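Colleague: Below is a structure I'd like to ask you about.
The values are calculated or read from the model by the stated rules, or taken from the named source; none is laboratory data. Everything numeric in this text was worked out from a predicted model, so none of it was measured. For neighbour counting, all protein chains shown are included, and Cβ atoms are generated from backbone atoms with ideal geometry for every residue, glycine included.
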Amino acid sequence: MEDPVIAEAYEAGARTGATPMDTTAGAALRFLAAATRARSVVEVGTGCGASGLWLLRGMPPEGILTTVDANGAHQEFARGLFSRAGAGAGRARLIRGSAHEVLPRLTDGGYDLVLIDADALSYPFYLDEARRLLRPNGLVVFHNAMAGSPEPDGPLRAPDPGETAVREVIRMVREDESLIALLLPVGSGLLAAIRS
């Protein structure tokens, strides 16, 4: 990995258990942010800052990233990396708290991109919030859309609740005619959907 700040985020994530997305998924995320010229982005799951750095790398210089996480130590680490990467307080707004409490307080239709990178059990709730938060033609991206056991479901194996929630959000996206969706098979999968 060429970028030493992103490399540090990956090392810290591995060390602390805040596992960052695969670098190929990160590069795809950067591409999506750049392709959509996302100026206002919300991220659920700051972790140690890897996905936020990928987003910031793809956003225009005036873009603002709002990232939400309940873990204050991870956020403080990410804040330092964002600053070292040239994205200080004016470009990165870190909110400590539960996304269930924070997202409903954010502005309706105020965001170009919403990244969901934490708490798979809440993916259906996050989809509902993303629909409200996104501007027309805004993009929601769910990380870990292909994560799960390679074993088929059956009498000896039921999916865990996180897998069930991911499957539910995939179904919700597929059935929502106001969304144009694409499953990107990078890393553990990115489910991207444009709000029409």
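Colleague: Would you be able to say whether some residue in the stretch 155-177 is under 25 Å from PHE31 (Cα atoms), within 17 Å of the chain's Cα centre (by Cα), surrounded by fewer than 17 Cβ atoms within 10 Å (Cβ to Cβ) and among the small types (Gly, Ala, Ser)?
Modeller: no
Colleague: Against the condition among the acidic types (Asp, Glu) and either buried (at least 19 other Cβ atoms within 10 Å of the Cβ) or out of contact with any Leu (no Cβ under 9 Å at 6 or more places or on another chain) (or both), how does ASP128 come out, does it pass?
Modeller: Answer is yes for this residue.
Colleague: Being in contact with a strand residue (DSSP E or B) (Cβ under 6 Å, 6 or more places away or on another chain) and hydroxyl-bearing (Ser, Thr, Tyr) narrows it down to one of THR36, THR23, THR16, so name that one.
Modeller: Result: THR36 is the single residue among THR36, THR23, THR16 that is in contact with a strand residue (DSSP E or B) (Cβ under 6 Å, 6 or more places away or on another chain) and hydroxyl-bearing (Ser, Thr, Tyr).
Colleague: Taking the stretch 84-98, which residues are over 17 Å from CYS48 (Cβ atoms) and aliphatic (A, V, I, L, M)?
Modeller: Within the stretch 84-98, just ALA89 meets the criteria.
Colleague: ARG37 versus (1) touching a residue at least 40 places away in the same chain (Cβ under 8 Å); (2) among the basic types (Lys, Arg); (3) more than 26 Å from GLY109 (Cα to Cα): which is the lone unmet condition?
Modeller: Unmet for ARG37, out of (1) touching a residue at least 40 places away in the same chain (Cβ under 8 Å); (2) among the basic types (Lys, Arg); (3) more than 26 Å from GLY109 (Cα to Cα): (3).
Colleague: Among the residues of the stretch 77-84, is there at least one that is farther than 20 Å from ARG30 by Cα and crowded, with 18+ Cβ neighbours inside 10 Å?
Modeller: yes
Colleague: With respect to ALA33, determine if the residue is crowded, with 20+ Cβ neighbours inside 10 Å, over 16 Å from PHE82 (Cα atoms) and modelled with pLDDT of 95 or more.
Modeller: In short, yes.
Colleague: Right, something else. Could you grab the pairs with beta carbons closer than 6 Å, sequence gap of 6+ or different chains, first residue in the stretch 62-82 and under 14 Å from GLU43 (Cβ atoms) and in contact (Cβ under 8 Å) with a residue 24 or more places away in the chain, second one crowded, with 21+ Cβ neighbours inside 10 Å and of a type in the set (Asp, Glu)?
Modeller: Listed by first residue and then by second, the contacts come to THR67/GLU43; GLN75/ASP69.
Colleague: Answer with yes or no whether GLY47 is at positive phi, surrounded by 17 or more Cβ atoms within 10 Å (Cβ to Cβ) and in contact (Cβ under 8 Å) with a residue 40 or more places away in the chain.
Modeller: Against the criterion (at positive phi, surrounded by 17 or more Cβ atoms within 10 Å (Cβ to Cβ) and in contact (Cβ under 8 Å) with a residue 40 or more places away in the chain), GLY47 qualifies.
Colleague: For ALA25, are the conditions met, namely being at pLDDT 95 or above, over 13 Å from the mean Cα position of the chain (by Cα) and among the hydrophobic types (A, V, I, L, M, F, W, C)? Don't jump to the end; show me each part of the working.
Modeller: Values: at pLDDT 95 or above: yes; over 13 Å from the mean Cα position of the chain (by Cα): no; among the hydrophobic types (A, V, I, L, M, F, W, C): yes.
Judged against the criteria, ALA25 is not a match.
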